[in-house]
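The values are calculated or read from the model by the stated rules, or taken from the named source; none is laboratory data. This structure is a prediction, so every number in the text was calculated from the model and none was measured. Counting neighbours? That spans all protein chains shown, and the Cβs are built from the backbone with ideal geometry, glycine included. These accessible areas exclude ligands, DNA and RNA; they are computed on the full protein's heavy atoms, side chains included. Shrake-Rupley method; radii C 1.70, N 1.55, O 1.52, S 1.80 Å.
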Amino acid sequence: GTTAVVTDVLTLRGSFTNTVLSINYASVSWGGLVGHNLTPNQDWSAYDGVSFWFKGSNSGNTLTFVIDQGAGKYQATFKDDLVGWKLVSLPWEVFHYREATADGMPLTTVRAYMIIFQAGTSGIFYLDRVGTYGSAGTFYIDQIANPPNAPGATFIPKKVSFTAANYSVNEGIGNATI
């Protein structure tokens with residue numbers, strides 16, 4: 001089975017109050033994932049790629065960032081090769097087709113993103129400030145649909161919360177509701 005412990009708050013010392021996502025995972029027979037559904041779908045076509053701050057543990061594990069557009073999923077990989085924080089930038093050119101109908105990666109109807117960890121791996125990592133970047137700047141996921149300074153732009157922050165600290169899933173047996 002796969003177990004993921006997800007925590008939604010971590011304060012950085014000596015800085016400002018900040019919220020990051022903490023993922024503590026152990027995957028035995030099937031890789032697991034953690035992600036974010038975007039409602040409504042978002043248009044990322046004006047940007048050059050996706051970036052996020054990643055705090056790893058130098059596990060050597062390869063993780064996969066996946067973009068779901070409904071008609072097709074595209075992915076790019078990165079490694080947990082450092083103890084501490086690093087900025088991971090994945091330009092669209094490094095993404096390749098994953099499944100469903102290849103649609104040329106138009107990025108006009110992005111409905112979710114996720115990070116997949118591979119079978120037989122375990123570790124802990126933290127994510128912060130997931131966003132798109134390009135010549136107009138970096139726009140964090142909550143700002144993509146309405147970038148700051150755009151006519152009629154409204155910024156509505158989102159908060160992630162969980163009903164439990166741990167979720168265990170027996171693969172192939174029933175459904176898990178989170």
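Kindly indicate whether any position in region 88-98 is assigned to a helix (DSSP H, G or I), open to solvent by less than 60 Å² (accessible area, probe 1.4 Å) and over 20 Å from Asn37 (Cβ atoms). Checking region 88-98: at least one residue is assigned to a helix (DSSP H, G or I), open to solvent by less than 60 Å² (accessible area, probe 1.4 Å) and over 20 Å from Asn37 (Cβ atoms). Per this entry, Gly35 is not counted among residues that are under 16 Å from the mean Cα position of the chain (by Cα) and surrounded by 19 or more Cβ atoms within 10 Å (Cβ to Cβ).
Within region 27-56, the set of residues being among the aliphatic types (A, V, I, L, M) and modelled with pLDDT of 85 or more comprises Leu38, Ala46, Val50. Residue count for region 52-76, restricted to those that are hydroxyl-bearing (Ser, Thr, Tyr) and without any contact (Cβ under 8 Å) to a residue 60 or more places away in the chain: 3.
Here are some residues: Thr77, Thr64. Which one is open to solvent by 70 Å² or more (accessible area, probe 1.4 Å), of a type outside the set (D, E, K, R) and under 16 Å from Gly35 (Cβ atoms)? Going through Thr77, Thr64 in turn, the sole match is Thr77. With respect to Thr19, is the statement that it is closer than 18 Å to Thr132 by Cβ, modelled with pLDDT under 90, among the hydroxyl-bearing types (Ser, Thr, Tyr) and surrounded by fewer than 17 Cβ atoms within 10 Å (Cβ to Cβ) true? So Thr19 fails the test. For region 46-58, the candidate set comprises residues that are within 13 Å of Phe95 (Cβ to Cβ) and more than 16 Å from the chain's Cα centre (by Cα); within that set, the residue that is surrounded by the most Cβ atoms within 10 Å (Cβ to Cβ) is Tyr47.
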